[in-house]
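The structure appears right after this line, and notes come after that.
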Amino acid sequence: MTISVNAKDLVSVSVGGAIVHPGFPGLPAEPYRLSADGRPFLLPTWGGIVYNVSVGDSAFGWAADCIHPGISIKAADDMKNRGLTVFACVGNTAVVMTGRAQGAKGVVTGKSGRFSEQLILHFPKSVRKEMSVGDQIVVRSVGIGMLVDGHPGVTCKSLSPTLFDVLAKRTNNGKMEIGVVATIPSHLVGAGAGLSSDAGSLHIQSTDRAALAKAGLDTLRLGDIVAFEDTDSRYNHGYLRGAVSIGIVGQTDGPRAGFGPGVTVLMTAPQGELGCFPAPDANLKTLLNLED
C-alpha cells in the first residue's frame, strides 16, 4: 500500500545563508573544551567547508568535536537564520549563488544543535574544493506543513517530500513503520533534550562505549536513518513512554559528555502511531544517490 503526503499543498520558498567560518566563543579566553573524563582538548568543530568527511562515512573515530560533514551555512542575523534552519528540510536542493562554484547543486542533510544553529549541506568533494567561506547558498525549502495521509498522529519535522518518497516504509495494523539502521534506547538520548525540535539536533550519548555497542550504535554512519525509543519530538524533545521519533545522523561523535552523533528528527508520534523495522542500508547517500 502506497503511503502518500499532501505534497501538492506545500509551499516552496527560498531561504539562504553563507558558508560560515568555524569559530570559538570569546570567553573563556582559551579555546580548549573538556572531554567526558575531564581532559582538555582542542579539535576541529562545526562550521566551514569540511573536505574529507561526507555523508556515508563513519559517525565515529574522527579527531573532531561534532563535525558537520560537507558544508555549513548560516544567515546573517538571528531572525533570518531562524527562518533558514526552520524552513529548510532534509532532502531540499541547495544552489550556490556566488563564487567559483556558482551554479553547483547540493542537498540539505541535517541541522546543527544549540550554540551553532547551522544548516548542513552535502556537495561533492570536487565542488567543495572550489568553494569559499562566505559563498552565498540558496535552499529551495519545501516540507513544512507536510501531513501523512491516513496517519494523523504522525508529525513531520524537517522532512522533504523528496526524502519521504524514498524512505523504506510500510503500514502495519494501522501504524506507519519506517526502515531504520538502528534504534536508540531512551537512556542514550543526550544533548538537545528539552529544546525545540524544529531547527536543531538531538544527540546520542556515547561516553559509555559498552552501552553503545550493546545497542548496535557503534557502527553508525553519517546519513543513517535511526529511531529514538520513548522520545516525543512534536514540539520539544522529551521522554514519553511509547513515543517514537525517526531521524537522520547528521553530525559526528565528539569527546564531550552528552555529545555523541547528532541526529536531525524527521518524524515523531506520541502514542504508538509510528514504528520502525530493520533496514541496514537506510542511508541518505543511497536513498538520494549522493555523489562523493
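The values are calculated or read from the model by the stated rules, or taken from the named source; none is laboratory data. Here the structure is a predicted model, which means the values were calculated and not measured. Reconstructed Cβ throughout: ideal geometry from the backbone, glycine too, with neighbour counts over all protein chains shown.
Within segment 222-270, the set of residues being small (Gly, Ala, Ser) and under 16 Å from Val181 (Cα atoms) comprises Gly223, Ala227, Ser245, Gly247, Gly250, Gly262.
For segment 1-35, residues that are closer than 30 Å to Thr155 by Cβ, of a type outside the set (S, T, N, Q) and in a loop (DSSP other than H, G, I, E, B) total 5. Only a single criterion out of (1) touching a residue at least 40 places away in the same chain (Cβ under 8 Å); (2) closer than 15 Å to Lys157 by Cα; (3) of a type outside the set (D, E, K, R) is not satisfied by Val244, namely (1).
Would a scan of segment 95-111 turn up a residue that is in a helix (DSSP H, G or I), out of contact with any Asp or Glu (no Cβ under 8 Å at 6 or more places or on another chain) and crowded, with 20+ Cβ neighbours inside 10 Å? For segment 95-111, residues in a helix (DSSP H, G or I), out of contact with any Asp or Glu (no Cβ under 8 Å at 6 or more places or on another chain) and crowded, with 20+ Cβ neighbours inside 10 Å: absent.
Conditions (1) surrounded by 18 or more Cβ atoms within 10 Å (Cβ to Cβ); (2) within 28 Å of Leu287 (Cβ to Cβ); (3) modelled with pLDDT of 95 or more; (4) in contact with a Pro (Cβ under 7 Å, 6 or more places away or on another chain), marked per residue:
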| site | (1), (2), (3), (4) |
| --- | --- |
| Thr2 | no, yes, no, no |
| Gly17 | yes, yes, yes, no |
| Asn52 | no, yes, yes, no |
| Ala59 | yes, yes, yes, yes |
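Just one residue in the set Asp208, Asp198 is among the acidic types (Asp, Glu) and closer than 30 Å to Met79 by Cβ; that residue is Asp198.
Scanning segment 152-183 for residues that are modelled with pLDDT under 95 and in a loop (DSSP other than H, G, I, E, B), we see that the one that is farthest from Ser201 (Cα to Cα) is Asn173.
Looking only at segment 200-218, decide whether some residue is modelled with pLDDT of 95 or more, farther than 17 Å from Ala282 by Cβ, of a type in the set (Gly, Ala, Ser) and in contact with a Leu (Cβ under 6 Å, 6 or more places away or on another chain). Yes.
Of the residues making up segment 252-292, those that are hydrophobic (A, V, I, L, M, F, W, C), part of a loop (DSSP other than H, G, I, E, B) and under 30 Å from Gly38 (Cα atoms) are Ala257, Phe259. For segment 157-175, the tally of residues that are among the polar types (S, T, N, Q) and surrounded by 20 or more Cβ atoms within 10 Å (Cβ to Cβ) stands at 2.
Within segment 112-132, take every residue that is in a loop (DSSP other than H, G, I, E, B) and either out of contact with any Gly (no Cβ under 9 Å at 6 or more places or on another chain) or at pLDDT 95 or above (or both) and give me the one that is surrounded by the fewest Cβ atoms within 10 Å (Cβ to Cβ). The residue in question is Phe115. Being in the same structural domain as Pro22 (by TED's automatic domain parsing), of a type outside the set (D, E, K, R) and crowded, with 20+ Cβ neighbours inside 10 Å is a property that does not hold for Ile178. Restricting attention to segment 8-56, the residues that are in contact with a Lys or Arg (Cβ under 9 Å, 6 or more places away or on another chain), closer than 28 Å to Asp224 by Cβ and among the small types (Gly, Ala, Ser) total 8.
Every condition in (1) more than 17 Å from the chain's Cα centre (by Cα); (2) of a type outside the set (A, V, I, L, M); (3) in a loop (DSSP other than H, G, I, E, B) is met by Tyr239 except one, and the failing one is (3). Residue check: Gly91 meets all listed conditions (1) farther than 18 Å from Pro261 by Cα; (2) touching an Asp or Glu at 6+ places or on another chain (Cβ under 6 Å); (3) surrounded by 15 or more Cβ atoms within 10 Å (Cβ to Cβ) but one, namely (2).
Could you check, for segment 138-151, whether at least one of its residues is crowded, with 17+ Cβ neighbours inside 10 Å, touching a residue at least 24 places away in the same chain (Cβ under 8 Å), among the polar types (S, T, N, Q) and assigned to a strand (DSSP E or B)? Yes, some residue in segment 138-151 is crowded, with 17+ Cβ neighbours inside 10 Å, touching a residue at least 24 places away in the same chain (Cβ under 8 Å), among the polar types (S, T, N, Q) and assigned to a strand (DSSP E or B). Filtering segment 19-39 to residues that are exposed (fewer than 11 other Cβ atoms within 10 Å of the Cβ) and touching a strand residue (DSSP E or B) at 6+ places or on another chain (Cβ under 6 Å) leaves nothing.
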